[in-house]
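Colleague: First the structure, which I've put down as C-alpha cells, then a few questions once you've had a look.
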Number of protein chains: 4
Amino acid sequence: MKLTGIIAYPITPFTADGSQPDLEKLAQSIELLLKSGSDAIAPLGSTGESAYLSFAEWQQVAQHSVQVVAKRVPVIIGISELTTEQAIQKARFAEHIGADAIMVIPVSYWKLTDAEIFAYYQDIAAEISLPIMIYNNPATSGVDMSPELIVKMFRDIPQITMVKESTGDIQRMHKIYQLSAGELPFYNGSNPLALAALCAGASGWCTAAPNLLGVLPKELYSLVQTGNLKAATSSFYSQLPLLSFIVAGGLPKTIKAGLAITGFEVGQPRKPLTAANEAERATLTRLLNQF
Amino acid sequence: MKLTGIIAYPITPFTADGSQPDLEKLAQSIELLLKSGSDAIAPLGSTGESAYLSFAEWQQVAQHSVQVVAKRVPVIIGISELTTEQAIQKARFAEHIGADAIMVIPVSYWKLTDAEIFAYYQDIAAEISLPIMIYNNPATSGVDMSPELIVKMFRDIPQITMVKESTGDIQRMHKIYQLSAGELPFYNGSNPLALAALCAGASGWCTAAPNLLGVLPKELYSLVQTGNLKAATSSFYSQLPLLSFIVAGGLPKTIKAGLAITGFEVGQPRKPLTAANEAERATLTRLLNQF
Amino acid sequence: MKLTGIIAYPITPFTADGSQPDLEKLAQSIELLLKSGSDAIAPLGSTGESAYLSFAEWQQVAQHSVQVVAKRVPVIIGISELTTEQAIQKARFAEHIGADAIMVIPVSYWKLTDAEIFAYYQDIAAEISLPIMIYNNPATSGVDMSPELIVKMFRDIPQITMVKESTGDIQRMHKIYQLSAGELPFYNGSNPLALAALCAGASGWCTAAPNLLGVLPKELYSLVQTGNLKAATSSFYSQLPLLSFIVAGGLPKTIKAGLAITGFEVGQPRKPLTAANEAERATLTRLLNQF
Amino acid sequence: MKLTGIIAYPITPFTADGSQPDLEKLAQSIELLLKSGSDAIAPLGSTGESAYLSFAEWQQVAQHSVQVVAKRVPVIIGISELTTEQAIQKARFAEHIGADAIMVIPVSYWKLTDAEIFAYYQDIAAEISLPIMIYNNPATSGVDMSPELIVKMFRDIPQITMVKESTGDIQRMHKIYQLSAGELPFYNGSNPLALAALCAGASGWCTAAPNLLGVLPKELYSLVQTGNLKAATSSFYSQLPLLSFIVAGGLPKTIKAGLAITGFEVGQPRKPLTAANEAERATLTRLLNQF
C-alpha cells in the first residue's frame, strides 16, 4: 500500500435523538468525500468521534464504512484506546471486516513512557497483519511521540509503515524525514500546516476539510506535486480561514455544523460536546459562502 | 458532610494474571489506609486506575469498597468519563450502593469549553443527590478548569460542595479562596504541594501517600492545624523525596511497587502501563528505608 | 551577614522631566521603607529600574542609597548586566561605596549555558569581597537557573551566600532546601508566593510591597515565624489582591502610581515603560483604600 | 526599497584580546557575504552581538559596514535597546551614516504592553526618515509581538515597511499575510523554517548561514522562486543539519567557530558568551565537511 494524496475523514452522523450512529447518512458522507477525489477514507478518527462511541457502535461504523467504500479506495480505521487490550480488540475487528489499514493513537490518562508506547504498538501489531499508521496528536490524546520514537517504531515494527503528524510543528516533519532518511512516509494531520507539510515532502494530507471544501484540498495537493507553487500558495491562503476555524472550534462540532449549513443534517456531537452556537454558525456560513 | 484531613486513595489490586480486580486485596488495602488515620477513602481515583477498568470492574470495586469501609469514614467514588452519559451511569451506581460522595473529573479527547464543562457537571448533578467533588487535574484529564469556572459551578450547582485541585499551582488555591470568599472547601491533590496548600487553608489532602507512608501524611496535616509550623515543615521535607518520586513515576506504578516492597503484592498496573523497573524499585526501596 | 525578614526594594524616583534620578525623593522613599520595619534595603533591583539607567545614574543611586541608610540596616545593591565586564564594573563600585552585599541577575540576549552562568558569577566574585545574592527571575532576565545550578554555585563560589527565587514555583524552594540540606538561605521574590515560601522555610521576603503596604509584609513574616499560622494566612489573603495587582502590572509602574495616590510623587518609569493609566489607578486606589 | 532574497548577517569580529571590534576582519566578513550573492547586509543583528557592544563600538561597526558595502546592496542596521532614548540615538546615527534601513527589536526587562511597543516604534520613527523593519524574536528579546500588533504598526506608522519573523512558527507568517492582505513583506528569521516560509510567500530570508554555507541559502531561495520545489526541498534538507546546529548553539558562538574552522579567525563572542567547545567544533567540522 503506497498511499498519497488526500486521506479524508468522515464525521459519524447520529440519529436525531443522538442515541446511535446513522449508517445511511454515514454512507452519504463517504460518497461525498469520494466525489471530492479523496485517495483514502479514514472513518473513526478524531473527526469521527471514535473515542465517544461504545464498542458496538464503533464496530457498526467501521463495518459499514468498509462496505460502502467497497475497495474503491483504501479504508483506514481509527483506533484510540486507553488500554492495550481494547486496542487489540478493535484492531482484530478492523482486519476481520476487510479494512486496508488501521490508524492508532495511544490516548493516555497516566503519561506513558517511550517503552510503554513502543510495547503498545508492538502488542497490537503482533495480533494483526494490517499496515499501521502511527497517529501523533498530543492535543487530543495527551501522548506526545517524539520523531525519534516514531522512527524507531517504524524501523523495529514491520507493520508500521506510515505516520500522521498532527502537532502542527513543521520541524517534527523535517526531523522524521531526516531520521528515516526519507523512508518513512509522513502525512499532515494539522490543517493549517498543509502547505508547509506538502512542500516539506509529506506524502499526503489527512483531513476532514473535504467535507466542506470538496475538491479544494485535493487541488492544493496536486498543485504542490506539479511544482505550481504560486497557485498552491494562493489556493492555500484561500482555504486557510476555514481550515483555521474548523480546527479551533473542534472538528466534530464545526464539520457537522458546516454540513448542516449546506443542507446535509448529520446530528450533533456526543455530549459533553455541543453543537455549534449561533455565532459559530454565522461565521461558518460566511466562510463557506466564499467558495 | 464536612470533610477535613486525609482523603486516602487505594490502588486497585489485580489478580496475578491481570485479568480482574482482586477484591480481597482491595479490602486489605483499605484497612491499611484506615489504620493510618485516613478521614475518608476514595476508591477509583487516578491511583485506582479508574479509567482503565471496564464498567463491570469499576462497579465491583466501588461496591466492595463501600462494603469494606462500612460507614467508618466517608467513601468518595471517583468518576472519570469521556461522555456525559457514561458519567451519569456511574454516578447513579455510586448513589445506589451507598457511597457518600462522588469525585468527578471530565476527561477529554476534544477540548471542552467552559459551557460544556458546566453542562457536564450539571447533567450529572441532576441525576443524583450525592455531594460532588470537582476534580481538576489537567495533566491526566486534558481538561483545565479555571478557578473562576470552579467557583461558578460551586455557586450554581448545589451538589458541588468541594474541589480537589491537582495542578500543583498554589495560586489556584489562593484564587479559589478569594473568589469564593473562603466558602468553597479546597483539597490538595498534588503531593509535593501539601505543605503550601495546608498553610493556605486547604481543608484536606487527597493522597495515595498513606499507602506507603502510613500515618505521616495525617501527622503533617495535624501539625499544620495546631500551628506547629516548624515541625510541620520538617515533617514535610522528610516526606518530600518519596512524594516527589511517586508522582514523577505515576502513582499506580509506584504505589503498587512500594506495597510489593513492603511485602504486600497487589499485581501490576493495566497495560500499556507497566510495573516499576529494577532501578525504580531500588530507588523506592532506598526511600522507604528512611522511615 | 545573616539576613532575615523583609528586604525592601525602593523605586528609583525621577525628576519631573524624567531626565535624571531624583536623589532627594530616593532618600524619602528609603526612609519610608525603614519606618515600615524593613530588615534590609535593596536599591537598583527590578523595581528600581536598574536596567534602564545609565551607568552614571546607577552609580548615583547606589551611592546615595548607601549614604542614606547609613548602616542602620544592610544595603544590597542590584546588578543586572548583559556582559560580564559591565557586571564587574558595577560590583567593584558597590564594594567601593560600602554596600553590604550585591544581588546579581545575569540578563541575557543569547541564552546562557550553565557553564556560562557559573563563569559569570565566578568572574564577578573574583573581583570583590562582598557577599553575593543570586537572583533568579527568568520572566525579566530570560535566564532560568535550576536549583541544581544555584546550589552548585553556592557550594563552589564562597561569596555566594543567598538566593532570591522569583519564579513563583514553590517546588524550586523545596528543591533548593533539599539540595543544600537547608544550608543555602533562600528568599522569596514572588509576592503572591509569600505565604507558601515563608512556610517552606524562606529566610525572608524580597519585596517592593512595603512601599504601599507599610508594616504589613513584616507583620506577615513575624506571624509565620511565631507559628501563628491562622493569623498569617488571614494577613496574607488580605494583602494578596494588592500583591497580585502590583506584580501583574509591573512593579515600577504600579508602585510609582501607588505612591502618587498616597501623595508622594516620584515621577514615571523610563520609556518605553509607561505610567499607570486611569483604569489602573482607579483599581489601585480601591485596593489601597482597603488598608 | 523593495527587498527580496537573502539578507545576510555578519558576525562582529573582535581583536584577539576581545577588547574591541576588528574592523578589517569585519570588512572581510562582509565581502564574503557579498560574494555569496547576498541581497542585503545586516550588521549588528543578533548574530552581530549588537546588544553586547558599547555605544561607541556599535557606532564603529555600523559606520564601517556602510563604508565597506558602499551601496553595492542595501545595508540594514540592527538596533536592540531597552530604552526608547537609546534606540532613538542609534536610529539617528544609522541615518546619519547613510544606512538604507534599520531593523528594530524592542528588548525588555519588564514586559511591554502592546501600547508601549507601539509607542516605542512610533517614537523612533518620528526621529528618522529611514524604512524600519520590525524584528520579532521573543526567544532573545523577551518581547513577543502578535501578528495583529505587527500589522497594526505597519498600517499606522508609515516608515514600517517590513517584518522579520523569528518565532519559527509558520502560522505567524500565514497570519501576517492574511491580516495585511499580502501587503506587508515578511522575512524569515528562523533558519530551520526557511523552506516553509519561502513556500508561504516570504519575501526573503534573514540569515547568518551564508557565512558558512556560501551560495546555498541563495540557491534555495531561487529554487523556490522558480517553482522548482523538489530541488528546493532537497537543497533545504541538505542544509538543515547545519542550520539546526548553528541555531541550537547560538549564532555568535557557532558562526565564529565555523569561520575559524574554514581558516578565518574572527575572535570569540563577548563574555559571558563563550567560544564553542571541542565537541561542538568537532560536530561543526563534520557538518561543514559535507559541503
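Colleague: Would you mind telling me the antiparallel percentage of the DSSP bridges in the stretch A:116-206, rounded to 5?
Modeller: Of the beta bridges lying entirely in the stretch A:116-206, close to 0 percent run antiparallel.
Colleague: Also, quick follow-up: Computed over the Cα atoms of chain D, what is the convex hull's projected area averaged over all directions, in nm²?
Modeller: 13.8
Colleague: Now a separate question. Considering protein heavy atoms only and a 1.4 Å probe radius, which residues within the stretch D:77-120 exhibit an accessible-area decrease of no less than 20 Å² in the full assembly relative to the chain by itself?
Modeller: D:Leu82, D:Thr83, D:Thr84, D:Tyr109, D:Trp110, D:Lys111, D:Leu112, D:Glu116
Colleague: At a probe radius of 1.4 Å, figure out the D/C buried accessible area, summed over both chains, and give it in Å² to the nearest 100.
Modeller: 2700
Colleague: GNM on chain D, C-alpha springs below 10 Å: top fluctuator among D:Ala87, D:Ala115, D:Ala101?
Modeller: D:Ala115
Colleague: Now for a different question. Relative contact order of chain B: what whole-number percent is it, with Cα pairs under 8 angstrom and at least 6 residues apart?
Modeller: Relative contact order of chain B: 18 percent.
Colleague: Sticking with this one: So which residues of the stretch A:257-271 lose at least 20 Å² of accessible area, probe 1.4 Å, when you go from the chain by itself to every protein chain present?
Modeller: A:Lys271
Colleague: How large a share of the accessible area of chain B, in percent, is made up of carbon and sulfur atoms when the probe is 1.4 Å and the other protein chains stay in place?
Modeller: The computed percentage sits at 52.
Colleague: Between B:Ile41, B:Ile105, B:Ile128, which gets the highest mean-square fluctuation from a Gaussian network model of chain B, Cα cutoff 10 Å?
Modeller: Checking each option, the largest mean-square fluctuation is seen for B:Ile128.
Colleague: Sticking with this structure for a sec: Please list the helices of chain A that count as membrane-span-like by this rule: a mean Kyte-Doolittle hydropathy of at least -1.0 together with Cα atoms stretching 27 Å or more along the helix axis, each helix being a complete DSSP H run.
Modeller: A:229-249
Colleague: Can you work out the base-10 log of I(q)/I(0) for the stretch D:191-287 at q = 0.12, 0.13, 0.19, 0.24 1/Å, using the Debye formula on its C-alpha atoms alone?
Modeller: Each listed q corresponds, in turn, to -0.41, -0.47, -0.87, -1.19.
Colleague: Using DSSP, restrict attention to beta bridges with both residues in chain D and report what percent are antiparallel, rounded to the nearest 5.
Modeller: 5
Colleague: If you add up the charges near B:Gly5, with Lys and Arg at +1 and Asp and Glu at -1, over every other residue whose beta carbon is less than 12 angstrom from its beta carbon, what do you get?
Modeller: Once all neighbours under 12 Å are counted, the net charge is 0.
Colleague: Taking a probe of 1.4 angstrom, what is the accessible area of B:Thr15 in Å², to the nearest 10?
Modeller: In the full protein context, B:Thr15 sits at about 40 Å².
Colleague: Return the whole-Å distance between the Cα centroid of the stretch A:239-259 and the Cα centroid of the stretch D:219-291.
Modeller: 40
Colleague: Where the centroid of each part is defined by its Cα atoms, how far is the stretch C:144-191 from the stretch B:172-210 in Å?
Modeller: So the separation of the two Cα centres works out to 25 Å.
Colleague: Follow-up. Less than 30 Å apart at the alpha-carbon level, and either on another chain or at least 8 residues along: which lysines does that give for A:Lys2?
Modeller: Counting by Cα, and skipping residues close in sequence, A:Lys2 has these lysines nearby: A:Lys25, A:Lys35, A:Lys71, A:Lys90, A:Lys152, A:Lys164, A:Lys175, A:Lys218, A:Lys230, D:Lys230.
Colleague: For the stretch A:1-44 and the stretch B:1-80, what is the separation of their C-alpha centers, rounded to whole Å?
Modeller: If you average the Cα positions of each part, the centres end up 42 Å apart.
Colleague: With every protein chain left in place and a probe of 1.4 Å, what is the accessible surface of D:His96, to the nearest 10 Å²?
Modeller: Accessible area, nearest 10 Å²: 150 Å².
Colleague: Right, next: Could you give me D for the protein assembly as shown, from Stokes-Einstein at 4 °C and 1.567 mPa s, where the hydrodynamic radius is the Kirkwood radius over C-alpha pairs? Units µm² s⁻¹, please.
Modeller: My calculation gives 40 µm²/s for D.
Colleague: Quick one: which bits of the stretch B:162-176 get at least 50 Å² less accessible when the partner protein chains are in, versus the chain alone, with a 1.4 Å probe?
Modeller: Correct list: B:Gln171, B:His174.
Colleague: Which value, in debye to the nearest 20, gives the size of the charge dipole of chain A about its Cα centre, when Lys and Arg are +1 and Asp and Glu are -1 at the Cβ?
Modeller: Charge dipole of chain A: 660 debye, to the nearest 20.
Colleague: For every helix of n ≥ 4 consecutive DSSP H residues, a contribution of -39,500 (n - 2.57) applies; sum these over chain D, divide by its total residues, and give [θ] at 222 nm rounded to the nearest 500 deg cm²/dmol.
Modeller: -14500 deg cm²/dmol
Colleague: Follow-up. May I ask which residue of B:Ser108, B:Ala8, B:Ile79 lies farthest towards the positive end of the charge dipole of chain B, with charges of +1 (Lys, Arg) and -1 (Asp, Glu) on Cβ and the Cα centre as origin?
Modeller: Farthest along the dipole direction, towards plus: B:Ala8.
Colleague: For the stretch C:1-157, with equal point scatterers placed on the C-alpha atoms only and solvent neglected, what are the log10 I(q)/I(0) values from the Debye formula at q = 0.13, 0.14, 0.21 1/Å, to two decimals?
Modeller: Computed log10 I(q)/I(0) values: -0.58, -0.67, -1.41.
Colleague: If you roll a 1.4 Å probe over the heavy atoms of the protein chains, what accessible area per residue do you get for the stretch C:6-154, in Å²?
Modeller: Dividing the accessible area of the stretch C:6-154 by its residue count gives 33 Å².
Colleague: While we're looking at this one, here's another question. Among D:Ala208, D:Ala119, D:Ala257, which one shows the biggest mean-square fluctuation in a GNM of chain D, springs joining Cα atoms closer than 10 Å?
Modeller: Maximum fluctuation in the GNM of chain D, among the listed residues, is at D:Ala119.
The values are calculated or read from the model by the stated rules, or taken from the named source; none is laboratory data. Computed from a predicted model, the values in this text were never measured in an experiment. Heads up, the Cβs are rebuilt from the backbone with ideal geometry, glycines too, and the neighbour counts pull from every protein chain shown. Each accessible area value is taken on the protein alone, full model and side chains, heavy atoms only, with ligands, DNA and RNA left out. Shrake-Rupley method; radii C 1.70, N 1.55, O 1.52, S 1.80 Å.
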